[in-house]
1. Taking R0 as 30 Å, what FRET efficiency do you get between Asp141 and Asn168 from their Cβ-Cβ distance, rounded to the nearest 0.05?
2. Could you pull the accessible area for Leu191 with a 1.4 Å probe, rounded to 10 Å²?
3. Can you bin every Cα-Cα distance in the range 233-290 into 5 Å intervals starting at zero and give me the percent of pairs per bin, rounded to whole numbers?
4. Kindly flag which residue pairs out of Lys150/Lys244; Lys9/Lys58; Lys150/Lys282 have an alpha-carbon separation exceeding 27 Å in this structure.
5. Taking the alpha-carbon distance from Lys289 and a cut-off under 12 Å, which aspartates and glutamates remain once sequence neighbours fewer than 8 residues away in the same chain are dropped?
6. Mind giving me the nanometre distance, one decimal, between the label points for Leu126 and Ser214, set 7 Å out from Cα along Cα→Cβ?
7. For Arg173, Arg195, Arg248, give the ranking by accessible area with the largest first, probe 1.4 Å.
8. List the residues whose amide H sits under 5 Å from the amide H of Ile62, counting only those 5 or more places along or on another chain, with H placed 1.01 Å from N in the peptide plane.
Amino acid sequence: MPEKIITLKKVDAVLQTIPEGSNGVGFRLSDVFYAFNHSSSGMYQGKPYTKPAHIQVKTPTIRFWIDRVDDGIEFKYDPAGKMSLVPLVDIEAIRELEILFLNLENHLNTQKRNGQKKTAAPAINLDVMQQLINTLLQWLDKDHQVQIWKAVESAILDPQQYYRNNTNSLAKRGINAPFSGLYIIALADALLEARVAVEIDWNSDTETIQWAVSQMTNVEIQELLPAEGSKEMPAVKVMKAIGKNLSRQNLTLTSLDIDSDSYVLCLLPKDSYRQVIELANKVGIKMVKW
């Protein structure tokens, strides 16, 4: 039997790759499909199960089950391909399962290493980032500045922990894993939460954009648009028209690039815009002037 190669510890390591709250994960590797399932009975990692946790390994011709039962593991397979499970005793089948499981382990280890590289804290100067936030939010009180700084700092230093703490809100943005640029999302979300930025879709109509920008200024936005044809203008042209006219009020309309099909808009005093752009560039953040 393959207990020396497929140990309980290794099985647990595979099961731990399942995302929190998920029923299973699958992927293809060299024409082999691996399915993991948290179906269970008893307790595993302090959580109750209704059936044994198991790993299913399937090739085009055979299907194996590695069941985690209490403090042990059991092996079964389906030689006929018709879901007729029998205990694993065939020597050739055992060898095949061992090879497949080793391939699975190697794949998971590679994925883990790649994930660690991808989510490693980027080389960002924290002093510059803090200076950017203070300049960007110079009219906010210190408590709000500190709150926004702490959110961004945590995403820089430990993107994986930031992701775990904000899984639900990030899922709404279609983000299902931490990545090195998560600090930019953290900044955008913190600005939105502090109500010093607004977010609009790429195809928002004129009235929506007018209303959104009006939340950040006392200037009458309607008066900043061309009288004719403004309702039919695409969003980009509307923002350019508003931005051009706001500049006469010593304000600069900008958007924070979050690599999305939406715009996170914010207003800056005209005399501080160049400094903000310079600082943003130093920490890998792109801001667009409208």
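The values are calculated or read from the model by the stated rules, or taken from the named source; none is laboratory data. Computed from a predicted structure; not experimentally measured. Neighbour counts are summed over all protein chains in view; Cβ atoms, including those assigned to glycine, are modelled from backbone coordinates with ideal geometry. Keep in mind that these areas ignore ligands, DNA and RNA; they rest on the heavy atoms of the full protein, side chains included. Shrake-Rupley method; radii C 1.70, N 1.55, O 1.52, S 1.80 Å.
1. Working: r = 28 Å, r/R0 = 0.93.
Between Asp141 and Asn168 the formula returns 0.60.
2. Counting only protein heavy atoms, the figure is 0 Å².
3. P(r) over the range 233-290, rounded to whole percents: 4, 19, 29, 24, 16, 7, 1.
4. On the way: Lys150/Lys244 34 Å; Lys9/Lys58 21 Å; Lys150/Lys282 19 Å.
Those over the limit are Lys150/Lys244.
5. Asp257
6. 4.3
7. Details: Arg173 70, Arg195 200, Arg248 160 Å².
If we order Arg173, Arg195, Arg248 from most to least accessible, we get Arg195, Arg248, Arg173.
8. Counting only residues 5 or more places away or on other chains, the set is empty.
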